[in-house]
1. Can you confirm whether residue 137 is over 20 Å from residue 32 (Cβ atoms), at pLDDT below 95, small (Gly, Ala, Ser) and loosely packed, with under 15 Cβ neighbours inside 10 Å?
2. Would you mind finding the one in 162, 132, 114 that is surrounded by 14 or more Cβ atoms within 10 Å (Cβ to Cβ) and in a loop (DSSP other than H, G, I, E, B)?
3. Run residue 175 past the list (1) over 18 Å from residue 67 (Cβ atoms); (2) exposed (fewer than 15 other Cβ atoms within 10 Å of the Cβ) and report the number of the one that doesn't hold.
4. So how many residues does segment 117-129 have that are part of a loop (DSSP other than H, G, I, E, B) and more than 18 Å from residue 179 (Cβ to Cβ)?
5. Taking the residues in segment 145-158 that are over 15 Å from residue 181 (Cα atoms) and crowded, with 22+ Cβ neighbours inside 10 Å as candidates, determine which candidate is farthest from the chain's Cα centre (by Cα).
6. Quick check, is residue 22 β-branched (Val, Ile, Thr) and either within 26 Å of residue 114 (Cα to Cα) or surrounded by 19 or more Cβ atoms within 10 Å (Cβ to Cβ) (or both)?
7. Since residue 95 meets every condition but one in (1) of a type in the set (A, V, I, L, M, F, W, C); (2) part of a helix (DSSP H, G or I); (3) farther than 30 Å from residue 13 by Cα; (4) at pLDDT 90 or above, which condition does it not meet?
8. Kindly provide the set of residues from segment 125-168 that are closer than 21 Å to residue 65 by Cα and aliphatic (A, V, I, L, M), ordered by number.
Amino acid sequence: MSETCLGGIHEREDYTFQLVNIECMPQSDHYNVVMGLHQSIDELLPYLAAVLPACSYAHGTGVINLMDEGHIVAIYGDRITITDVTGLEDAESWCERYMARIRDVKRRKDAIQPVERRQVSLTVMDIYRRLPKTNCGACGDLTCMAFAARVFRRQVPFGACPEVPREAPETLAFMEELAAQGFPAEA
């Protein structure tokens, strides 16, 4: 893979990318990535929304938002932004991951049912509302809200809370909803 770097912009075959400082933390050693796409993917957005787990997408708005391993990702027709990368290698890995997804969706487009309606992901509050709210700490977090945030970032499965009534129909239904949106399976 050849690389050209002009003024911090790294050139690849299908895209460019650059690391930018996080505005509110200028001394941070973490960065955001702005990935410019050489070809528009506007027509692929409904198909990408169909295959990206737990993304938020409103057909016609031109943007997909999702949380991926703790990184906030926004996909537009001409660019992708990814938060909280640790350096050039990490940034390149994330860019390649999303470029591979775009290529895969482009190749399989005819076999994918596009999203043509509003698709909204679960929020931290949706997860928190299903927890017992005892702040018992048995899950390893100090509060149920902290645990809900870790579930949302896909760092821990919802079932890792020992206080959740696993056999209750509403819990089972919620865990199915989580799985359908790409959250980790049971602990």
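1. yes
2. Among 162, 132, 114, only 114 is surrounded by 14 or more Cβ atoms within 10 Å (Cβ to Cβ) and in a loop (DSSP other than H, G, I, E, B).
3. Failing condition for residue 175: (2).
4. Adding up the residues that qualify gives 2.
5. That would be 147.
6. no
7. (3)
8. 125, 127, 148, 149, 151, 156
The values are calculated or read from the model by the stated rules, or taken from the named source; none is laboratory data. What you see is a predicted model; the values in this text were computed from it and never measured. Positions of Cβ are backbone-derived with ideal geometry, glycine not excepted, and every protein chain shown enters the neighbour counts.
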